[in-house]
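J.: This is the structure, below, for whatever I ask next.
Read-outs: derived from the displayed coordinates by stated rules, not from any lab. Nothing here was measured: the structure is a model prediction, and the numbers come from that model. In this analysis, Cβ positions are derived from the backbone assuming ideal geometry, glycine residues included, and neighbour counts consider all displayed protein chains.
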Amino acid sequence: KQKDATDAHVVTSILKPSAAIRKGFEPYTVVTDDGKARTGLLISRSDTEIVLRDPATGERISIPAETVDEAVANTVSVMPKGIANQVGGRQQFLDLVRYVLEIKDGGPEVARSLQPPPGMITFKIPEYEAHVDHAKLISSLDNDALKRGQKIYNRLCINCHGDHDRPGSLPTALRFAEGKFRNGGDPHTMYRTLTHGFGLMVPQTWMVPRQKYDVIHYIRETYVKPRNEAQYIAVNDSYLSSLPKGDTLGPDPVEYAPWSDMNYGPAMINTFEIGNNGRNFAYKGIATRLDAGPGGVSKGNKWMVFDHDTLRIAAAWTRPADSRGNNFINWQGIHFDGRHNIHPRVVGDLHFENPTGPGWARPGSRSFEDNARVVGRDDRRYGPLPRDWAQYRGLYMSGDESIVSYAVGRRDVLEKAGHLEVTVDGQLIDVFTRTMSVGPGNQDNLMLVATHADQQVSLLKTNNAVSLQPGQAPVAEAPAETSAVASRFGGNSWLQINEGRAFDMTGKDFTIMAKIRTRSDGTIFSRTAKRNEWVRDGKTFFIRGGRLCYDIGWVGVVSSDQRVADGKWHKVAITWDHKKGEVQFIVDGKSAGGGTIRPSGNVRNHVARIGFSAANFPKKSAFKGDMESVSFHQADLSAFLQGDRKGPANTLVAQWNLTQAAVNGKLPSAAGKKLVANVQQGAASEQTASGGGNAIAAGVIGADLQLTNQQNRLCLEVAASDNDQKYVVWTTRSSKPLTEAQLASLAAAIADKADVADLNAEIKRSSAPRWPEVLTTTPVVGAEDGPFAIDVLAAPESNPWLARVRLTGHDFFPDGDRVAVCSWDGDVYMVTGLKTLTTDKPELKWRRISAGLFQPLGLMVVAGDIYVTCRDQLVILRDRNQDGETDHFECFNNDHQVTEHFHEFAMGLQRDEVGNFYYAKSARHALKAIVPHHGTLLRIPSDGSRTDILATGFRAANGVCLNPDGSFIVTDQEGHWNPKNRINWVREGGFYGNMFGYHEVTDSSNDAMEQPLCWITNAFDRSPAELMWVNNKSWGPLNGSLLNLSYGYGKIYVVPHEEVDEQMQGGMCQLPIPQFPTGIVRGRISPHDNGLYLTGMFAWAGSQHHQGGFYRLRYTGKPAHLPVGLNASGKQVTLSFTDPVDPETARNPGSYAIKVWSLKRTASYGSKHYDEHPLKVAAASVSDDGKTVTLTLPELAPTWCMEIKTRLKTSDGTPFERVIHNTIHKLQ
């Protein structure tokens, strides 16, 4: 009972145990003369002994005074920091606080009255723990286990237990290299400690047996055995035989994956593929978790994804009941697991989907034809719908619920995704809902609800619901003159020819012919790996969307322009010219279109198949219908098939007459080589959203609106209205067709549970913040013993959300105390306490104000509003209820053209005096551009109404710098058509050399591109980031200079330059400061304290591997001796320094070493150095003020690259070295 403790004190004690420790409970650490430290609560201290109480066991620890080397009181509580983060959510935290407050006021009596039944608090270990084979697990420990254990220890255990050099945050936690085990140090006893907990350590319920023994192995072999040998208990046969017997090793571990462990908040914006056949992408997908619980979107069980390019629900899916791993997405991608050339796909049980295309018919029509968006060079559509059709306006957050805001024509729409569970006939059914608030409109509109995977469906209607039922119309009888008895494929049988090498579909011309009759999609002929998964360079001739297609795995697809899935007999063929890569489709003797496609490489050990490709591709892989014959010819017979000329002889490889019966499951070829097709049954398992026997049901609650079927799509008729409308649209699936009574019963059960909310009111309603935690970090202010001081503004790398802190942008608020900081993983933080950096006790407070954004790589504060450059949009973060957290993500502009390619980052954010915003868009990696934004510098006007392309030909321009004259500076990275890294001085309309970018330039010569300010070799800066001007008088002689930030090396460079005949040229020189531990990407000088604030991160292709950081660089006023001027004229190079140099050393030509080399710009990646050779320094002179050095170089000429090494002395005789890398295009 502690009635003197205020409620605020109790809450603070739970959240920040060390903020205020009650007298008598201060931890006390005693270091003895043997170097060991003991920590506990001080009971007494005398001339003879110090007595402590172990806070974990309650035992008294008596330490003789003569053995005490040091005894100090700690300011860190024995209660671990962050323990409150283990509760399951806000409500559990509030319950905990209420309980503590009650016993604080009421004492033991109240505590006893509130004691729950024992069964509610007894920890229950998994059943398999009673049957673990401990001996086998311990015997199997090896170096791989040591590495796995190291990862676990360094991620979690180190926080409390520390490492060899530093103690952990919990004073009482055992330091394994020096302490004594209180609960036993043999492997099995340590295992029990992890399983059951001990003292202040809770049971590690997330670990499976192998993980426990992995980390035990690491602790014993790394800490105990080499440094605390007395505590090391050897493992031998006798020990192993004494262990409990068992017959299981337990379940497989879920490996540590920071990308999936992170709490991204209730919604995440990203590019998601639904399926794996390239038909359904939510390029700007807002994935929303629909069930309650901690952990954010990735830890949920029910999801929907809304694509704000097309304003459609792209998919709804759930975690399967038997799932044990991650089932949200597969976490494959550059900013997740770091993989290149791949993108995330949704993972789980797909209930329904809507393929890529508009989610609303074009206003004034009933057409969903996707014919108004940007056409990529791959003939797909990208970017948002035009604004007269629809416009995404942003996202509101109401607690953990996301509400999308957009317009269709002139009609305002708010939409919230949701989920219900209803029970019908004893079956639990997942129902996905869209709560809609739709504004007035003078036109009827048509909204897409769900798409059935089958081409042929029937519509079942009741009063308030409909269902798309699977059911193919009977195939019409064929005319007698065109058909004999044909072989029937029902979707569950197919043929396999094991001698796949007989069919060369890579290095020779070929033709495949077949006679078919079908109303469905499916495979005619394929050549692929024997396993049932689709593979790279697998090849399939198939029907999709009713049209003939030819796909090469991971390369692309070519489609015909004529439908053949019409229930009629057709003679179909595909021909391929291997020299030209040309595909032609021929239907009934006439050309049906084609295209160009080539395999990426040779393949081996493939088989051929008739009637099936793979279980996961195409979406409908198995052929359903009649197929009379199939033949393969090793020649291009396109002209012959169209009657132009006689076909070549001896080209037939094999022909199968499918009207013949297979004998013992084998069907030999009727002509050509003797190849046997083997009948396969039942292996063609397909994962489809709503086909293969599934029905899709939907209904409307709250409004008298009709649902209709339009070409196997369920659509909602939204009538014109003068008033606001609110209603719920629900969708579910059934594993079999529904009866009318079943549909009516289902609709009634859903109506009983659905809530028709007014979303206009909901977005105005204040809700509790999602992230109320404020994390405190202590900056390390650097010494001012040189020209620059570096302050480490510690970021909250240990945080309740397991968020990675890879920082990518920042800007200041007018109050001088706050700065907004964004991370590549989607977070934005409000950081306060900048004014404390000048005090004796600097302290920063980090508040997470938003999460789930799509790869933020730039941030600005404009009139107090935070603007963030994301891959999908330029978004404004607004706090409508003033609780310190973003609850409205207002879309300022989403013209961004997003594809699934991993490399197309949206980099930087700057704003000019009239309010235009600028950012750079990367091109694809090693591939030609698809959309106009690839490899460009972009401008968004002050009203956000459009996006202008200012310059083209970039590969990966990491940020933007605005110049006073209206030009720009962007960096670029070595790659194809980019022989080295470079700094580009950019003017509107220019082309900057990347032939893989999106432009109309065909001349690949160097003269056709704008030349950079300088080329930068890899050893000097392997990856330049953003440049910035120093416009601040406090920076002394550096005021007005240009700086370059290095992502690759974590360095900063000054960039001296000049203009000669409208061509900028110059170089770079590193500032005399240590490298930062992470790559530096963005910098802004604070107008309040004149410091250069820097954000940085590491992902790949950098030398500084710390995940991220926040820093301040200060100019101290001491001499820096940096070159801020660089001039090449005649046979002389002139260097202008910030500070005087020693004249005698500077006049010595031997103080300089200069070399030059050239590069070759080609389609290959990068360039080696060509013709590298030194230049003689004939003479050197120094100006009267000692700041300018002129070097005479008799062989000086324009050069791609130059290195100038100077070994000089300051005016007081202190040696220093500066290295400049530069380019000379012209000599004055």
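J.: Can you quote the Å³ per residue value for the convex hull of the Cα atoms in the range 282-360, rounded to an integer?
T.: 103 Å³
J.: Mind jotting down the three principal axis lengths of the range 124-256 based on Cα atoms? Whole angstrom, largest first.
T.: Per principal axis, max minus min of the Cα coordinates gives 40, 30, 28 Å.
J.: Using Cα pairs closer than 8 Å and at least 6 residues apart in sequence, work out the relative contact order for the chain, in percent. Can you show the working numbers first?
T.: On the way: 3147 pairs, mean separation 83.4, N = 1228.
After rounding, I find 7 percent.
J.: Quick check of the Kirkwood formula: for the range 371-419, what is the inverse mean of 1/r over all pairs of different Cα atoms, in Å? Please report the intermediate quantities before stating the final value.
T.: Working: mean 1/r = 0.0798 Å⁻¹.
So the Kirkwood estimate lands at 12.5 Å.
J.: When only alpha-carbon atoms are used, what values of Rg and Dmax, in angstrom, describe the range 955-1060?
T.: Rg and Dmax of the range 955-1060, Cα atoms, are 14.3, 48 Å.
J.: Hey, can you rank 829-841, 881-893 by average C-beta count inside 10 Å, highest first? Write down the numbers at each step before the final one.
T.: Values: 829-841: 16.5, 881-893: 18.8.
Put in order of decreasing packing, that is 881-893, 829-841.
J.: When the C-alpha atoms of the range 661-804 are aligned to their principal axes, what extent does each axis show, in angstrom, from largest down?
T.: Extents along the principal axes, in whole Å: 91, 62, 28.
J.: So what is the calculated 222 nm ellipticity per residue for the chain, using -39500 (n - 2.57) for each DSSP H run with n of 4 or more, over all residues, to the nearest 500 deg cm²/dmol? Could the numbers behind the result be given before it?
T.: Values: 14 runs with 113 residues, N = 1228.
Theoretical 222 nm ellipticity from helices: -2500 deg cm²/dmol.
J.: Could you please tell me the mean projected area of the C-alpha convex hull for the range 18-78, averaged over all directions and given in square nanometres to one decimal? Intermediate values should be presented prior to the final figure.
T.: Values: hull surface 16.0 nm².
Seen from a random direction, the Cα hull of the range 18-78 projects 4.0 nm² on average.
J.: May I pose another question? What ranking, highest mean first, results for peptides 356-363, 782-789, 851-858, 408-415 when packing means the other Cβ atoms within 10 Å averaged over each residue?
T.: Working: 356-363: 22.1, 782-789: 15.0, 851-858: 26.0, 408-415: 19.9.
Top to bottom by mean Cβ count within 10 Å: 851-858, 356-363, 408-415, 782-789.
J.: Also, I was wondering about something else. Give a quick list of trypsin sites (Lys or Arg not before Pro) in the range 501-572 that DSSP marks as loop, anything other than H, G, I, E or B, with at most 15 other Cβ atoms within 10 Å.
T.: Working: sites: R501, K508, K515, R517, R519, R527, K530, R531, R536, K539, R544, R547, R563, K568, K571; in loops: K508, R519, K530, R531, R536, K568.
Here the sparse-neighbourhood loop sites are K508, K530, R531, R536.
J.: Report the Stokes-Einstein translational diffusion coefficient (µm² s⁻¹, integer) for the range 1024-1179, Rh taken as the Kirkwood radius over Cα pairs, at 37 °C with viscosity 0.692 mPa s. Please report the intermediate quantities before stating the final value.
T.: On the way: Rh = 17.8 Å.
After rounding, the answer is 185 µm²/s.
J.: For each of I138, I983, I610, I949, count neighbouring Cβ atoms within 10 Å of the residue's Cβ, then give the residues from fewest to most. Mind dumping the intermediate values first?
T.: Details: I138 20, I983 27, I610 24, I949 17.
Ordered from fewest to most neighbouring Cβ atoms within 10 Å, I138, I983, I610, I949 come out as I949, I138, I610, I983.
J.: Next question, about the same structure. Have a look at L468, P27, Y218 and report the one farthest towards the positive end of the charge dipole of the chain, computed about the Cα centre with Cβ charges (Lys/Arg +1, Asp/Glu -1).
T.: Positive-most Cα among the choices belongs to L468.
J.: Step by step: find N for the range 607-653, compute 2.2 N^0.38 Å, then divide the Cα radius of gyration by it. What's the final number? Mind showing how you got there, number by number?
T.: On the way: Rg = 14.6 Å, N = 47, 2.2 N^0.38 = 9.5 Å.
In units of the globular-protein estimate, the range 607-653 measures up at 1.53.
J.: Which of the trypsin sites (Lys or Arg not before Pro) found in the range 259-335 are loop residues per DSSP with 12 or fewer other Cβ atoms within 10 Å of their Cβ?
T.: Working: sites: R279, K284, R289, K299, K302, R312, R324; in loops: R279, R324.
Within the range 259-335, the qualifying trypsin sites (Lys or Arg not before Pro) (loop, at most 12 other Cβ atoms within 10 Å) are R324.
J.: Something else about it: Using every alpha carbon pair in the range 490-547, what percent of pairs falls into each 10 Å bin from 0 up to the bin containing the largest distance?
T.: 17, 53, 29, 1
J.: May I ask for the Rg/Rh ratio of the range 1123-1224, computed from Cα atoms with Rh as the Kirkwood radius, given to two decimals? Show your work: numbers first, answer last.
T.: Values: Rg = 14.7 Å, Rh = 14.3 Å.
Radius of gyration over Kirkwood radius for the range 1123-1224 works out to 1.03.
J.: With the Cα gyration tensor of the range 304-422 in hand, convert its eigenvalues to equivalent ellipsoid semi-axes via √(5λ) and list them largest first in whole Å.
T.: Numbers: eigenvalues 150, 83, 39 Å².
Three semi-axes, in Å: 27, 20, 14.
J.: Could you sort the peptides 1195-1205, 267-277, 8-18 by per-residue average Cβ neighbour count (10 Å cutoff), highest mean leading? Can you show the working numbers first?
T.: Details: 1195-1205: 18.7, 267-277: 23.5, 8-18: 15.5.
Highest mean packing first, the order is 267-277, 1195-1205, 8-18.
J.: While we're here: How compact is the range 837-908 by the rule of thumb for globular proteins, expressed as Cα Rg over 2.2 N^0.38 Å?
T.: Numbers: Rg = 15.1 Å, N = 72, 2.2 N^0.38 = 11.2 Å.
Compactness ratio reported: 1.35.
J.: Assign one of three labels to the range 484-681, namely rounded, prolate or oblate, based on the Cα gyration tensor with a ≥ b ≥ c the square roots of its eigenvalues; rounded applies when a/c is under 1.5, prolate when it is not and a/b is larger than b/c, and oblate otherwise. Walk me through the numbers on the way to the answer.
T.: Working: a/c = 1.18, a/b = 1.11, b/c = 1.06.
Rounded, since a/c falls under 1.5.
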